[in-house]
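Report on the following structure.
The values are calculated or read from the model by the stated rules, or taken from the named source; none is laboratory data. Quick caveat: nothing in here was measured; it's all calculated off a predicted structure. No Cβ is skipped: glycine too gets one built from the backbone with ideal geometry, and neighbour counts run over all protein chains shown.
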Amino acid sequence: MKVANRFANNSYVVGYDPLNEPFPSNIYTEPQYFYAPGSFDKAVLQPLYKRIFETAYQPANPSKIMFYEPAQIPDTIFPVGFEGTPAGANYTQVQLMNDHSYGPCALLDNSSETLDEVCNAFHQVKVGMRANDAKKAGVPLIFSEFGACMGSDTCIVEINGLLDATDANLASWAYWQYKKLGDLTTTAGTGSEGFYNDDGTLQDGKVAALARPYLPYTQGTLQSVNYNKITKVLNATFTLDTSVNAPTVVYFNQEYTYTSGINVTLLSSTGSALLEGADFSVDRESEGVNHWRVQVTNKAFHG
C-alpha cells in the first residue's frame, strides 16, 4: 500500500507489477505447482493479485494499471492458469498481462543457422501462447523483459526473434536493460546488457535492432504489422475510421535504418493507391525528424 500511495499521483508511473517473475517456492512441500502449468497462477497468484489490486492499487488511484505476471516456470510455453483476470472482468481497462521471454540466444555468444531457428521458434511459441491467453482474458499484452544480452551477433538474433513475434501478435515490449545500474539480478558481470559500453559509447548493433519502425498510433484499429529486416520495408494494415480526427503516426529511425528518409504508400482494401493531397495528408515536421503523421481525409475509404 505504501508504494501505491507514494506513486498514486505521479504521472510518470502508469502502473505496477505486483510480483516480478513469480516462481513456485517449495518443490518439496508443494510439488504440484512445479509440474502442472497454470496451477500456481490459479491457486496462489490470482488471489494474491486480487487482494493487492483491491486493497492497494484501486484505493490509491483507480486509473493505475496492474501488470500481472504468470509463473515463469512451469508455465513458460504453456497456457496460464488465471480464470479470467485477477481483478475481474469489470477492471480489464486497468489490467495488463505481462511476461518475460529469454530464449537460448540470450545466453550464448556463438550464432549458427540452426540455433537462430531454435531461438526464433521459441519466441514465436511463447509470445503466441501469451497472446492467446491475453485475448481470452480481454486484456493487452506486454513483454516487459527480454534480451539481457551483450551485443554479439547472437544477441541481435535474440532481439529480432522477440520483436518479430511481438509484431506478429500485436504485443508491446520493453528491452532489459537500458544501462548498468548495479542491480542484484543481472547476469552481465563486467559486460553490459544495456545500450552502452563501459566507455559510454552505444552498442550500435543492439540499438539498431531495437529501433525498428512501428506505428505508435493508427487512425482506426491496427490489424497487422510485419517488418522485413533485409529490405527495411514495414507493412501494416488497419481498419480505417475516418471519424477519428487524428493521424496515424509512423516512427522510423533515420540514424540507423532510414538514413535517406522514407516513402509512405497507402493502399485501400481493394489495393488501389491513395493520393497524397486528394486522399490523405502527411505532416513531416511536427513530431520531429523520426515521426510522420499521416491522416486519411477522404471518407470514401472509411472501413
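Values computed for the structure shown
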{"item": "Test: residue in region 149-162 that is more than 23 Å from Ile230 (Cβ to Cβ) and of a type in the set (Ser, Thr, Tyr)", "result": "no"}
{"item": "Any hit, region 140-153, residues being in a helix (DSSP H, G or I), touching a strand residue (DSSP E or B) at 6+ places or on another chain (Cβ under 9 Å) and modelled with pLDDT of 95 or more", "result": "no"}
{"item": "Selection count, region 220-266, where residues are in contact with a Leu (Cβ under 7 Å, 6 or more places away or on another chain) and in a strand (DSSP E or B)", "result": "9"}
{"item": "Some residue of region 278-298 being surrounded by fewer than 13 Cβ atoms within 10 Å (Cβ to Cβ), under 26 Å from Gln203 (Cβ atoms) and not assigned by TED's automatic domain parsing to the domain that holds Ala168", "result": "yes"}
{"item": "Given (1) in contact with a Lys or Arg (Cβ under 8 Å, 6 or more places away or on another chain); (2) assigned to a strand (DSSP E or B), index of the condition Glu287 fails", "result": "(2)"}
